[in-house]
Number of protein chains: 2
Amino acid sequence: MRTSGGEAASAVPGQPARQDSLRTRNLALVLRRIADAPTPVSRAELAAATGLTKATVSALVDTLVGSRLVGELEPRRTRPTGRPATGLVLDGEETAGLGVEINVDYIAACVVDLAGRVRHREVVQDDQRGRVPERTCAAVAAMATRAIEAAAAAGLIVAGVGVAVPGLVDRPGGVLRFAPNLGWRDIDVRRLLSRAAGLGELPVTVDNEANFAALGELHSDRSAMPDFLHVSGEIGVGAGIVLRRELFHGTRGWSGEIGHVTVDLDGPRCRCGAQGCLEQLAGQEAILRAAGLSVSAATCMGGQATVGRIVEAAERGSARTHAALRQAGRALGVAVAGTINLLDIPGVVLGGIYAPLAPWIAPEVQREVDRRVLSAAWSPVAVRVSRAGSDAAVLGAAGGVTTAILRDPAEWMRRRDLRLAVGT
Amino acid sequence: MRTSGGEAASAVPGQPARQDSLRTRNLALVLRRIADAPTPVSRAELAAATGLTKATVSALVDTLVGSRLVGELEPRRTRPTGRPATGLVLDGEETAGLGVEINVDYIAACVVDLAGRVRHREVVQDDQRGRVPERTCAAVAAMATRAIEAAAAAGLIVAGVGVAVPGLVDRPGGVLRFAPNLGWRDIDVRRLLSRAAGLGELPVTVDNEANFAALGELHSDRSAMPDFLHVSGEIGVGAGIVLRRELFHGTRGWSGEIGHVTVDLDGPRCRCGAQGCLEQLAGQEAILRAAGLSVSAATCMGGQATVGRIVEAAERGSARTHAALRQAGRALGVAVAGTINLLDIPGVVLGGIYAPLAPWIAPEVQREVDRRVLSAAWSPVAVRVSRAGSDAAVLGAAGGVTTAILRDPAEWMRRRDLRLAVGT
């Protein structure tokens with residue numbers, strides 16, 4: 001099965017190959033090479049790497065520079081003789097993506113430019129359970145409007161919006177079908193957010209927060225494995241599956257529901273209706289309860305403060321907290337091992353609350369995968385800790401917008417020209 | 001993530017699109033359309049379906065007919081006026097694939113022609129546990145030689161060999177890394193089989209039997225879902241993941257090890273070294289033991305006779321057998337539900353011993369997935385029974401060869417011309 005770093009260069013499956021899409025595809029190919037290069041590249045290097053002629057590369061680069069997607073650095077001398085080459089990099093000074101996140105106990109927004117820098121960020125710790133979706137979405141919409149204004153003040157054009165939500169999403173429709181921890185069903189998130197000022201005309205992509213968190217990890221860590229499972233521990237537990245640096249969505253976009261994988265056949269009942277689900281054994285509230293820390297106090301504090309309390313108890317040597325973390329780590333390890341047996345993924349990244357809890361959780365996860373993954377004896381599973389941490393989902397939601405531009409710059413250039421023409 | 005029914009029409013990822021591969025890709029596109037059509041198609045219909053000109057389609061079809069990949073039926077009248085059109089179908093009279101299977105308690109071979117008909121089949125029930133791999137492979141090699149001779153006698157050219165084995169395979173090398181139920185490690189199956197007469201020069205693809213079984217199901221059932229999980233119950237339990245009618249292999253080809261997914265944390269010890277693995281709860285021997293049927297007697301009889309004994313006991317109303325099947329079905333349902341939560345696959349096909357046992361197993365599987373799959377409430381999981389049954393793996397191994405020809409006919413045409421030129 002293939003994902004496609006080179007997707008941009010592929011013909012539409014099932015369609016005959018034609019000349020007329022060549023320019024669009026080669027534009028994407030050149031932009032992707034510039035984006036992936038660890039250091040600025042020259043036109044000559046691009047020609048060598050892509051197999052295109054230097055004239056073709058030059059014309060494509062000029063187009064990308066003209067659209068503010070690529071910037072030129074001062075000429076540098078790459079060889080002792082000859083003209084010094086101009087270094088090409090992504091231009092982060094005009095194009096940006098907006099990410100927003102609705103989670104169980106916080107909402108967040110951020111703006112990331114095309115070069116991957118975070119230009120604006122806002123997080124509000126606030127439990128959303130029991131809230132009507134309209135109220136939560138209004139708060140998030142206001143946050144999005146502030147972010148777009150902040151971006152505009154910095155000279156940035158926001159090209160689109162990614163919305164991370166804690167549940168199953170109908171991706172084409174932007175409808176949240178079911179968020180067990182919020183108790184929401186069939187909420188048209190895209191429509192509710194479209195009321196925000198400045199958001200109306202932008203493309204909005206709604207996806208599961210664990211999927212976006214995996215993308216966020218990918219964007220935050222240049223040395224990230226190309227294939228990995230990213231597990232986001234929150235009140236719920238979700239996973240994003242990354243294969244060849246692309247999200248694996250499954251048939252309908254509902255993949256990665258590791259939180260509802262059965263770990264204990266006759267275990268505690270879950271909000272989803274089943275029993276023994278991973279998140280009842282390794283979710284934030286399960287850990288709090290097992291550690292004897294008050295869940296309701298934690299809820300008022302919001303996610304990051306809550307994790308801080310668990311970390312603090314573990315650091316001061318609380319035996320009960322250590323036991324709770326061992327138990328959670330074991331359950332997580334069992335579910336991760338099963339996932340790797342099924343999918344053959346070489347590594348797992350512990351994200352969300354599992355990142356600060358990694359000193360206690362990671363060894364348990366490693367032990368279980370070493371024991372339970374059939375191939376582990378000769379190909380040990382890498383257990384790593386997230387670099388993006390609890391910001392991963394909102395970063396990934398914003399990064400998804402810029403990644404879409406890298407994949408199809410021609411499409412963005414058409415939209416940009418239209419916007420500039422009408423002066424918005 | 002995308003698999004590709006239209007893979008043949010895609011450029012090489014990461015490479016620029018060029019004219020020179022257009023013919024190769026369009027050849028595959030036309031052949032694939034002929035293969036996928038439910039009834040014979042005309043050149044005009046192909047032109048309409050592919051967007052290629054009639055002249056281009058005609059030239060491509062002539063090439064495919066000349067290479068014996070496509071056959072022309074008697075002209076038929078598709079419209080009241082105009083010339084009657086020639087119906088095009090896959091030509092099954094020259095090109096064929098060979099599949100062989102090494103399993104725990106049987107070995108098998110079969111020849112399938114390009115049109116999908118089984119032209120030769122041989123199965124020997126014989127427990128391979130405790131055998132040295134060389135002896136098993138020699139027996140399979142002799143079977144392969146007989147199959148190639150039978151194919152030649154029928155005027156068929158065997159284009160390649162698929163080898164199904166019950167364990168983890170290094171696919172590029174054709175090495176079986178670990179087969180827990182045989183106790184084999186690091187066996188170079190490709191090299192051991194290459195000694196068979198007539199096999200030396202053929203491309204040999206070694207893969208896990210559960211992967212090939214999923215392909216076999218796909219080939220046997222025109223109405224198969226495009227995305228499904230195929231579970232093969234044998235002494236071991238494996239799964240093949242089919243997405244957009246292609247196998248999902250995972251990073252190293254080791255996906256689908258559902259038999260080693262933990263279902264009961266503290267359950268019985270498994271041959272893989274872990275405990276509580278699905279196959280210890282729902283594999284053939286686990287069912288025999290729980291049903292109070294003798295495992296050793298069953299072993300002497302070979303797989304299909306063994307299942308017959310379980311079916312017979314269930315049909316005569318043995319309460320203990322019913323309880324054993326309920327327990328196995330429940331364990332299988334829990335593992336399948338976890339897989340669907342992770343991968344978002346809309347259906348599961350019960351294969352191997354689970355096909356004849358479906359009357360007792362399938363309702364349990366359905367109950368567990370209905371309870372445990374997060375999206376099941378509005379998108380029920382389809383639980384189906386394999387049509388290919390216990391032949392699925394060897395059929396899929398042979399079908400993989402012909403599918404590869406459909407994907408890249410130009411490559412096969414080059415090899416065929418070479419063989420005809422040297423008179424082999």
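Values quoted throughout were computed directly from the atomic coordinates according to the rules given, and no laboratory measurement underlies them. It should be emphasised that the depicted structure is a prediction, and the values quoted were computed from it without experimental measurement. A quick note on method: Cβ atoms are made from the backbone with ideal geometry, for glycine too, and the neighbour counts reach across all protein chains shown.
Okay, here's what the table says:
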{"quantity": "10 Å-binned pair-distance histogram of the range A:345-395 (Cα, whole percent)", "calculated": "27, 47, 23, 4"}
{"quantity": "Stokes-Einstein diffusion coefficient of the range B:154-258, Kirkwood radius over Cα pairs, 20 °C, 1.002 mPa s, in µm²/s", "calculated": "147 µm²/s"}
{"quantity": "Cα principal axis extents for the protein assembly as shown, largest first, Å", "calculated": "79, 68, 65"}
{"quantity": "Taking A:His260, B:His322 and counting other C-beta atoms within 10 Å, the order from fewest to most", "calculated": "B:His322, A:His260"}
{"quantity": "Trypsin sites (Lys or Arg not before Pro) lying in DSSP loop within the range B:171-202, provided at most 14 other Cβ fall within 10 Å", "calculated": "B:Arg195"}
{"quantity": "10 Å-binned pair-distance histogram of the range B:200-261 (Cα, whole percent)", "calculated": "22, 51, 23, 4"}
{"quantity": "Inter-part distance where the range A:212-263 and the range B:168-196 are each reduced to a Cα centre, Å", "calculated": "32 Å"}
{"quantity": "The range B:268-383: Cα Rg divided by the 2.2 N^0.38 Å rule of thumb", "calculated": "1.09"}
{"quantity": "Antiparallel bridges, percent of DSSP beta bridges restricted to chain B (to nearest 5)", "calculated": "65 percent"}
{"quantity": "Amide N proximity, the range A:385-415 versus A:Asp221 label position 7 Å along Cα-to-Cβ, cut-off under 14 Å", "calculated": "A:385-393"}
{"quantity": "Cα-based equivalent ellipsoid, the range B:353-424: semi-axes from gyration tensor eigenvalues, Å", "calculated": "43, 16, 6"}
{"quantity": "Largest-first ellipsoid semi-axes for the range B:176-327, taking √(5λ) over the Cα gyration tensor eigenvalues, angstrom", "calculated": "29, 19, 18"}
{"quantity": "Square roots of 5 times each gyration tensor eigenvalue, C-alpha, the range B:316-370, largest first, Å", "calculated": "22, 11, 8"}
{"quantity": "Inverse of mean 1/r across different Cα pairs in the range A:27-117, Kirkwood, Å", "calculated": "14.6 Å"}
{"quantity": "Span-like helix ranges in chain A, DSSP H, alpha carbon extent 15 angstrom or more, Kyte mean at least -0.5", "calculated": "A:22-36, A:54-66, A:133-153, A:209-220, A:303-315, A:319-343, A:392-407"}
{"quantity": "Reciprocal mean inverse distance between Cα atoms of chain B - Kirkwood radius, Å", "calculated": "22.6 Å"}
{"quantity": "For B:Cys270, A:Cys137, order by how many other beta-carbon atoms lie within 10 Å, fewest first", "calculated": "B:Cys270, A:Cys137"}
{"quantity": "Residue-span extension gain [B:Leu418 to B:Glu122] - 0.36 nm each, minus C-alpha spacing", "calculated": "103.6 nm"}
